[in-house]
1. When only residues in the range A:328-340 that are outside any loop (DSSP other than H, G, I, E, B) and in contact (Cβ under 8 Å) with a residue 60 or more places away in the chain count, which is surrounded by the fewest Cβ atoms within 10 Å (Cβ to Cβ)?
2. Among all residue pairs at least 6 apart or on different chains, which show Cβ distances below 6 Å where the first residue, located in the range A:294-313, is open to solvent by 40 Å² or more (accessible area, probe 1.4 Å) and the second is among the small types (Gly, Ala, Ser) and outside any helix (DSSP H, G or I)?
3. Take the range A:196-229 and flag every residue that is more than 15 Å from RNA strand B (Cβ to nearest atom) and more than 30 Å from residue A:137 (Cα to Cα).
4. Looking at the range A:211-277, what helices (runs of 4 or more DSSP H) fall wholly within it and have at least 3 residues that are farther than 14 Å from residue A:307 by Cα and open to solvent by 70 Å² or more (accessible area, probe 1.4 Å)?
5. Say whether the condition of being without any contact (Cβ under 8 Å) to a residue 60 or more places away in the chain, open to solvent by 30 Å² or more (accessible area, probe 1.4 Å), touching a helix residue (DSSP H, G or I) at 6+ places or on another chain (Cβ under 6 Å) and of a type outside the set (Ser, Thr, Tyr) is met by at least one residue in the range A:40-55.
6. Please work out which residue is most open to solvent (accessible area, probe 1.4 Å), limiting yourself to the range A:1-30 and to residues that are touching a helix residue (DSSP H, G or I) at 6+ places or on another chain (Cβ under 7 Å) and part of a strand (DSSP E or B).
7. Determine if the range A:112-132 includes at least one residue that is within 16 Å of RNA strand B (Cβ to nearest atom) and either touching an Asp or Glu at 6+ places or on another chain (Cβ under 9 Å) or in a loop (DSSP other than H, G, I, E, B) (or both).
8. Can you tell me how many residues in the range A:278-306 are within 10 Å of RNA strand B (Cβ to nearest atom) and part of a helix (DSSP H, G or I)?
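The values are calculated or read from the model by the stated rules, or taken from the named source; none is laboratory data. All values derive from a computational prediction rather than experimental measurement. Here Cβ is always computed from backbone atoms with ideal geometry, including for glycine, and neighbour counts include all displayed protein chains. Just so you know, the surface numbers come from the protein's heavy atoms only, side chains and all, with ligands and any DNA or RNA stripped out. Shrake-Rupley method; radii C 1.70, N 1.55, O 1.52, S 1.80 Å.
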Amino acid sequence: MDPAERTELVARHTEEVVTEAELAALFDERDSPSVYIGYAPTGEMHIGHYTTIRKLADFIEAGLEVTVLVADLHAHLDDAKSPFELLEARSAYYRTAIEAMIEAAGADPAGVEFVRGTDYQLEEPYTLELYRLLAGTTLSRARRAGSEVVRQSENPNLGGLVYTLMQSLDVAALDADIVYGGIDQRGIYMLAREQLPERGHEKPVCVFAPLLSGLTGGKMSASESGSKIDLTDDDGTVAEKVQAAYCPAGELEDNGVMEYLRYLVFPVFEERGEALVVERPAEYGGDLSYGGYDALESDFVSGELHPADLKPAAAAAIADVIAPVRERLLEASTLLEDAYPETYG
RNA sequence: CCGCCCUUAGCUCAGACUGGUAGAGCAGUCGACUGUAGAUCGACUUGUCCCCCGUUCAAAUCGGGGAGGGCGGACCA
């Protein structure tokens, strides 16, 4: 694969690449650049995580060295979202869930290196560098960088600010050429691009995934169960949620159903060589079949494809794509129970 | 160490002074209308009033104690 193809593969289905020229240059000078993505093991993972993780399959195919950081300390630093006692159990759950998603996306999880935050963030070199960063960063700068990521409140903890600087430092500690994350992470990684060169590290190339809309219209909300598909949802639950989803005919804005098809279902189906079949009553023109997203989008926008016909097909496809992940999670008997005793205990 | 303030529905809060077993907005649920959903109408649901003890016929409300959270003062060799 030539550098241009690799660049294209890494950049597809993303929200933004900072900068695409730097990415291309990286492939020119190196055989296997490294990329890392970090997850703080807090709440249960859902379809939004899955769409982001699916791209790791592209990274592997493009020949990148992929590292997934399970940022356990971060999960506690951000307003104690995860109690300190549950960090171990939630880290185990995140790792298993992420591996299952990579595998379900058609890639080999063995090609991904997993690292825990506590593996290196308590070591002296890291800690020392963190203190130096703390001394050299203003309150307002750190606050601004983390404002889209760290929980905001009237009386924020210091942890949220340390969180932000640690994440910036992680790029250097993990020696990543590329950082990958949702577009909400932009502020933190722009801070990293600013700080790291001053401290003798390379400026990381940033690849940002889009944040998908929730099924109820606006942003996907972790606290609103109807707005997202959980990885543990069975086919019936997925069908109900998609059926109830906001999905105005012909409109793509805030349309979670269309976004999930675009960023999750079709990439996985293409990998498998499958098409999306939409069953439609003869009265409205009979069944349809789509080999890719673009054709479906143009039919949807033109009005040829009605939401009422699309929804059942989309629900079945989504359920199909998450099924292997759900099975993997449920067969690990105490994984969920240990990580979320309130919900599964 | 001292003082002051806050804690009521899933969320934001009213009610407390002048005791009579609790309200609004948002959210949620269910119908109507759309070949989906939303929007719009129509209806409905929701509570250890932070905990304990006391006063009283009666306590979210008054008194005492405690817990959690917030703010300020003092100390500064």
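1. Looking at the filtered set, the residue picked out is A:330.
2. A:301/A:250; A:303/A:250
3. Selection gives A:212 alone.
4. A:266-272
5. No, the range A:40-55 contains no residue that is without any contact (Cβ under 8 Å) to a residue 60 or more places away in the chain, open to solvent by 30 Å² or more (accessible area, probe 1.4 Å), touching a helix residue (DSSP H, G or I) at 6+ places or on another chain (Cβ under 6 Å) and of a type outside the set (Ser, Thr, Tyr).
6. Among those that are touching a helix residue (DSSP H, G or I) at 6+ places or on another chain (Cβ under 7 Å) and part of a strand (DSSP E or B), it is A:16.
7. no
8. Total satisfying the criteria: 2.
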